[in-house]
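*Asks:* So that we are looking at the same thing, I have put the structure below in structure tokens.
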Amino acid sequence: MKHRMTQNDLLHRLSQEHLSLLRELGSLADEGGVSLYLVGGVVRDLLLKRENWDLDLTVEGDGIAFARLVADRYGAGLAVFERFATARLVFPDGLKIDIATTRRESYEQPALLPTVQPASIEEDLSRRDFTINAIAVQLNPRQFGRVLDPYGGQRDLRARTIRVLHAGSFQDDPTRIFRAIRFEQRFGFRLERATVRLLAQAASTNLIQQLSGPRLQNEILLLFAEQYPARAIARLAQLKLLRFLHRRLCYTKNVKRTVAAVPKALAWWVHRFPDSAIDRPIVYLMALSNESSPVVVAAMIRRLALSRVQAKNVSAGGRQVDRALKRLTNKETARPSQVYRLLTDFSDEALVLLLAKQLSVQHGVRLSLLKRHLVAYVKNKAIKTALTGRDLQAMGLQPGPRYKTILGKLLDARIDGVVTTEADERVFVRKWLGNQKVQNEC
């Protein structure tokens, strides 16, 4: 067992609030007669001096019983997952902590979820994906801050290396292929030579095809949620892994340029509209698939088991965006209402993609024009007519389909500045109705 750091070197990098809580939980573990450890990504990130507030704990003993003890002591909400011997606690202040029983895992078939059995902390660490994630810190008072690193994780962190713990790792769980790429790009690490060979072997098979849609979706969207997804997407293309989204999904030069332009488009959008909540991973998925046919996109949506909202966004990421972009960058005299009608069904994600596509090809007059249109459109979305259907009825109009037409024309007039008051709207409606009557008589 290797011990390279002490409590003062490592756990004191936590906030005082979290450090105090972990001390208390360590004392509670002593009361329950179990050994308690901080494990996983938070230990790795503490060693790298990176922020990570995901506190994952593992118990050498009955983890679920300990989680119940913690829930009772702190009044925390508790969700138990018996199959995996894990529990999730939500404290009154909103803090979430996952608590698991130290366990070994066995895989009846590759790519399926594992069967778990209680085991020692050393065996628990051995089932992890990479050595850099197989480090634990003990929290019991007498051993508080003791670092357990049986597989050389600290060595690999210093060497900026990602290494699997055993040769069958990727076969056991093909999602580790995506996690290897994610950590490689996030930290700027390199894959250890044997790990590269094992990953390439696993990637050349159809193991990933055996993953369920939700599991594949989770890994892809986590990858696309990284700070620089373009590098990860390029790596997926290099390893020929995009075929698992669809065999005809191609990483062309145009797609590559669009993906590379997404960060700049997102930065502009967030700066200009700070209250907008953008689903960043979905924007990258839209950019990746924006040149694919509707048939390919529909199949990819089904493969990833995307939600209805996600599916709608990704479906709109192709020809619909291209048509809008062509009109918005070629019509300098387009009325604000025309822009509004053109974009009214677009999500914010589709608007970001629209901007990224223009950024990918041109940075001059057309880009400035597009930005002006987008700013005006977002502002105009808040405009409402003063008159409603009830007002139209009070003016003597019989309810019917005409209401939608009239109110639409009225909204266009508001957006274009043709009318500005309720009185203006009434005059506009009467004039429009008069013109319709004349046309009908003709």
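The values are calculated or read from the model by the stated rules, or taken from the named source; none is laboratory data. This structure is a prediction, so every number in the text was calculated from the model and none was measured. Every residue, glycine as well, gets a Cβ built from its backbone with ideal geometry; the counts of neighbours run over all protein chains shown.
Listed here are the residues, each with its yes/no results for (1) in contact (Cβ under 8 Å) with a residue 60 or more places away in the chain; (2) within 17 Å of residue 135 (Cβ to Cβ).
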| position | (1), (2) |
| --- | --- |
| 151 | no, yes |
| 156 | no, yes |
| 159 | no, yes |
| 165 | no, yes |
| 168 | no, no |
| 174 | yes, no |
| 183 | no, yes |
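*Asks:* Does residue 340 fit the bill of being over 18 Å from residue 278 (Cβ atoms) and surrounded by 19 or more Cβ atoms within 10 Å (Cβ to Cβ)?
*Replies:* yes
*Asks:* Next up: Consider only pairs whose beta carbons are under 6 Å apart and that are at least six residues apart or on different chains; among these, list those whose first residue lies in the stretch 375-390 and is within 13 Å of residue 340 (Cβ to Cβ) and whose second residue is among the β-branched types (Val, Ile, Thr).
*Replies:* Listed by first residue and then by second, the contacts come to 377/339; 380/415; 383/415.
*Asks:* For residue 257, are the conditions met, namely being modelled with pLDDT of 95 or more and more than 18 Å from residue 362 (Cβ to Cβ)?
*Replies:* When the stated conditions are applied, residue 257 does not pass them.
*Asks:* Cβ contacts < 6 Å: first residue β-branched (Val, Ile, Thr), restricted to the stretch 128-146; second residue assigned to a loop (DSSP other than H, G, I, E, B) and surrounded by 20 or more Cβ atoms within 10 Å (Cβ to Cβ), any location; separation 6+ or different chain. Result?
*Replies:* Close Cβ pairs (under 6 Å, with a partner that is assigned to a loop (DSSP other than H, G, I, E, B) and surrounded by 20 or more Cβ atoms within 10 Å (Cβ to Cβ)) amount to 131/151; 131/163; 135/149.
*Asks:* Then there's this: Run residue 399 past the list (1) under 27 Å from residue 325 (Cβ atoms); (2) not assigned by TED's automatic domain parsing to the domain that holds residue 264 and report the number of the one that doesn't hold.
*Replies:* Checking residue 399 against (1) under 27 Å from residue 325 (Cβ atoms); (2) not assigned by TED's automatic domain parsing to the domain that holds residue 264, the one that fails is (1).
*Asks:* Just to be sure before I move on: is residue 311 in contact with a helix residue (DSSP H, G or I) (Cβ under 8 Å, 6 or more places away or on another chain) and free of Cβ contacts under 8 Å to residues at least 24 places away in the same chain in the structure I sent? Give the steps one after another, and end with the answer.
*Replies:* Numbers: in contact with a helix residue (DSSP H, G or I) (Cβ under 8 Å, 6 or more places away or on another chain): yes; free of Cβ contacts under 8 Å to residues at least 24 places away in the same chain: yes.
Answer is yes for this residue.
*Asks:* Being within 18 Å of the chain's Cα centre (by Cα) and more than 18 Å from residue 181 (Cα to Cα) narrows it down to one of 277, 232, 225, 260, so name that one.
*Replies:* 277
*Asks:* Any idea which of 159, 167 is at pLDDT 95 or above, over 26 Å from the mean Cα position of the chain (by Cα) and surrounded by fewer than 17 Cβ atoms within 10 Å (Cβ to Cβ)?
*Replies:* Selected residue: 159, the only one of 159, 167 that is at pLDDT 95 or above, over 26 Å from the mean Cα position of the chain (by Cα) and surrounded by fewer than 17 Cβ atoms within 10 Å (Cβ to Cβ).
*Asks:* Within the stretch 235-248, how many residues are in a helix (DSSP H, G or I) and surrounded by fewer than 15 Cβ atoms within 10 Å (Cβ to Cβ)?
*Replies:* Count: 1.
*Asks:* Output the number of the condition that residue 254 fails; it satisfies all remaining conditions of (1) over 22 Å from residue 181 (Cα atoms); (2) in contact with a helix residue (DSSP H, G or I) (Cβ under 8 Å, 6 or more places away or on another chain); (3) among the polar types (S, T, N, Q).
*Replies:* Of everything listed in (1) over 22 Å from residue 181 (Cα atoms); (2) in contact with a helix residue (DSSP H, G or I) (Cβ under 8 Å, 6 or more places away or on another chain); (3) among the polar types (S, T, N, Q), residue 254 misses just condition (2).
*Asks:* Continuing with this model, one more query. When the residues of the stretch 23-41 are narrowed to those that are within 21 Å of residue 157 (Cβ to Cβ) and not β-branched (Val, Ile, Thr), which ends up modelled with the lowest pLDDT?
*Replies:* 40
*Asks:* Residue under question is residue 348, and the condition is that it be surrounded by 15 or more Cβ atoms within 10 Å (Cβ to Cβ), at pLDDT below 90 and of a type in the set (D, E, K, R); does it hold?
*Replies:* no
*Asks:* Also, quick follow-up: Filter the helices (runs of 4 or more DSSP H) completely within the stretch 249-309 down to those with at least 1 residues that are of a type in the set (S, T, N, Q) and under 28 Å from residue 381 (Cα atoms).
*Replies:* Numbers: elements: 253-272, 280-288, 294-303.
Hits in the stretch 249-309: 253-272.
*Asks:* Go through 311, 305 for me and flag whichever is modelled with pLDDT of 90 or more, in contact with a Pro (Cβ under 7 Å, 6 or more places away or on another chain) and closer than 22 Å to residue 213 by Cα.
*Replies:* When all the criteria are applied, what remains is 305.
*Asks:* Okay, next question. Exactly one condition in (1) at pLDDT below 95; (2) over 15 Å from residue 98 (Cβ atoms); (3) polar (S, T, N, Q) is false for residue 52; which is it?
*Replies:* The number of the failed condition is (2).
*Asks:* Quick one: residue 308 ticks every box in (1) exposed (fewer than 14 other Cβ atoms within 10 Å of the Cβ); (2) over 18 Å from the mean Cα position of the chain (by Cα) bar one, so which box is it?
*Replies:* In the conditions (1) exposed (fewer than 14 other Cβ atoms within 10 Å of the Cβ); (2) over 18 Å from the mean Cα position of the chain (by Cα), residue 308 misses (2) alone.
*Asks:* Then there's this: Quick test for you: out of 392, 387, 374, pick the one residue that is assigned to a helix (DSSP H, G or I), buried (at least 17 other Cβ atoms within 10 Å of the Cβ) and at pLDDT 85 or above.
*Replies:* Selected residue: 374, the only one of 392, 387, 374 that is assigned to a helix (DSSP H, G or I), buried (at least 17 other Cβ atoms within 10 Å of the Cβ) and at pLDDT 85 or above.
Listed here are the residues, each with its yes/no results for (1) of a type in the set (A, V, I, L, M); (2) under 30 Å from residue 264 (Cβ atoms); (3) not assigned by TED's automatic domain parsing to the domain that holds residue 274.
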site	(1), (2), (3)
367	yes, yes, no
371	no, yes, no
377	no, yes, no
393	no, no, yes
405	no, no, yes
408	no, no, yes
411	yes, no, yes
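*Asks:* In this structure, is residue 285 in the same structural domain as residue 352 (by TED's automatic domain parsing), at pLDDT 95 or above, surrounded by 15 or more Cβ atoms within 10 Å (Cβ to Cβ) and closer than 26 Å to residue 169 by Cα?
*Replies:* no
*Asks:* Got a sec? Which strands (runs of 3 or more DSSP E) wholly within the stretch 1-95 have at least 2 residues that are closer than 17 Å to residue 140 by Cα?
*Replies:* Once the strands (runs of 3 or more DSSP E) in the stretch 1-95 are filtered for at least 2 residues that are closer than 17 Å to residue 140 by Cα, what remains is 35-39, 55-60.
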